[in-house]
1. With ILE94, ILE149, ILE84 as the choices, which residue is modelled with pLDDT under 95 and touching a strand residue (DSSP E or B) at 6+ places or on another chain (Cβ under 6 Å)?
2. Among the residues of segment 219-258, which ones are surrounded by fewer than 17 Cβ atoms within 10 Å (Cβ to Cβ) and of a type in the set (Val, Ile, Thr)?
3. Being part of a loop (DSSP other than H, G, I, E, B), in contact with a Lys or Arg (Cβ under 9 Å, 6 or more places away or on another chain) and under 20 Å from LEU254 (Cβ atoms) is the filter here, so list the residues in segment 276-301 that pass it.
4. In segment 243-286, what residues are in contact with a Gly (Cβ under 8 Å, 6 or more places away or on another chain) and within 23 Å of HIS205 (Cα to Cα)?
5. Within segment 97-120, can you find the residues that are in contact with a strand residue (DSSP E or B) (Cβ under 9 Å, 6 or more places away or on another chain) and not in a helix (DSSP H, G or I)?
6. Can you list residue pairs whose Cβ atoms sit under 6 Å apart, with the first residue in segment 290-314 being in contact (Cβ under 8 Å) with a residue 60 or more places away in the chain and within 13 Å of GLU109 (Cβ to Cβ) and the second being acidic (Asp, Glu) and crowded, with 17+ Cβ neighbours inside 10 Å? Count only pairs 6 or more apart in sequence or on different chains.
Amino acid sequence: MLPLQKPFKCLVIDLMHESLLPLLQELGVEVTYAPEIKKEEVPALLPAFHMLMVRSKMRITADLLLHAPNLKVLARAGAGVDNIDDGVLEERGITLINAPEGNRDAVGEHTLGLLLTLFRKIKQGDGQIREGLWLREENRGAEIGGKTIGLIGYGHMGKAFAKRLAGFDCEVLAFDKAPVENPFSHVKLVSLHEIQKKADVLSLHIPYTKENHHFANAEFLAAFQKPLWLLNTARGEVLDHQALVNSMKIGKVLGAALDVLENEKLTSLTSAQQERLSYLHQHPRVILTPHIAGWTQESYIRINEVLVAKLKAFLEGR
């Protein structure tokens, strides 16, 4: 074990599945579970803890960490780490653990579900029946088979979606700027240009960073040679929503399924954001879900298991 102060104390400030506490206690970790705590109250508690576990309640900044002289580990209960300021953990020698392995299957399934919903007009047909309409020809859809699916980002989430496309007789192309291990035999790793040349469907699976802000912008979308269906289960900020709206108006983008938005606090939208969201909301070929791609009963538990396994490895010096 590493020569850490005993007992090793962990503060949890977001709601977690009930399986977390016994898992941590099995490691001998002393847990303070405070999901109802206000973010303004957190700094005063931090000096007593070696580990902080968060979802999205608060941003992790250098100023916040000034209140945490004993912090050794920051655990992000999920995949994305965009609520952690660049470099602040490295400056303090704090280890980051997150859990993309915990919800990647959920994201893969949800992304496939979004694509099927778009192609087979499931939302449209359901709405019409609820209004007393039985329209078959108007709801003739398209098949995934024979299409080319382009994945931008081929980490845990991109691979999970690709895995689920294996049985659909489609071509799967993937681009990632990082080296890729075990890409699956049915997936071809290609350049960004080749995806823009061949893809019928674009699915975004990249994390949000300063470099990835509006990665999918007007110029990026205009470079696609075919009319495009667009899926985003990554982060809203990687997609320029004005460029999306403009591209849909001219038929460059045929339809979109978005699990994430540029501003997910719907009560604080700017007038421009509200205008864009209203257009998307009213469009018959747009599917919107409230950032739930990774949000399943199974992933809720699995995230805990992944985080605790990584903490165990840290405590054992691995």
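1. Going through ILE94, ILE149, ILE84 in turn, just one is modelled with pLDDT under 95 and touching a strand residue (DSSP E or B) at 6+ places or on another chain (Cβ under 6 Å): ILE84.
2. Of everything in segment 219-258, just one residue is surrounded by fewer than 17 Cβ atoms within 10 Å (Cβ to Cβ) and of a type in the set (Val, Ile, Thr), namely ILE250.
3. Passing the criteria: PRO284, ARG285.
4. Matches in segment 243-286: MET248, LEU258, VAL260, LEU261, GLU262, ASN263, GLU264, ARG285, VAL286.
5. Answer for segment 97-120, where residues must be in contact with a strand residue (DSSP E or B) (Cβ under 9 Å, 6 or more places away or on another chain) and not in a helix (DSSP H, G or I): ILE97, ASN98, ALA99.
6. The qualifying pairs are ALA293/ASP259.
Condition check ((1) within 28 Å of the chain's Cα centre (by Cα); (2) closer than 22 Å to ASP82 by Cα; (3) of a type outside the set (Gly, Ala, Ser)) across all residues:
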{"position": "ILE13", "(1), (2), (3)": "yes, yes, yes"}
{"position": "LEU21", "(1), (2), (3)": "yes, no, yes"}
{"position": "GLN25", "(1), (2), (3)": "no, no, yes"}
{"position": "GLY28", "(1), (2), (3)": "no, no, no"}
{"position": "LEU45", "(1), (2), (3)": "no, no, yes"}
{"position": "HIS50", "(1), (2), (3)": "yes, yes, yes"}
{"position": "MET53", "(1), (2), (3)": "yes, yes, yes"}
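Quick grid of which residues meet (1) over 13 Å from ILE149 (Cα atoms); (2) not in a loop (DSSP other than H, G, I, E, B):
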site: PHE168; (1), (2): no, no
site: LYS188; (1), (2): no, yes
site: GLU194; (1), (2): no, yes
site: HIS213; (1), (2): yes, no
site: THR267; (1), (2): yes, yes
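The values are calculated or read from the model by the stated rules, or taken from the named source; none is laboratory data. Since this is a predicted model, take the numbers as computed values, not measurements. FYI the Cβ positions are ideal-geometry reconstructions off the backbone, even for glycines, and counts take in every protein chain you see.
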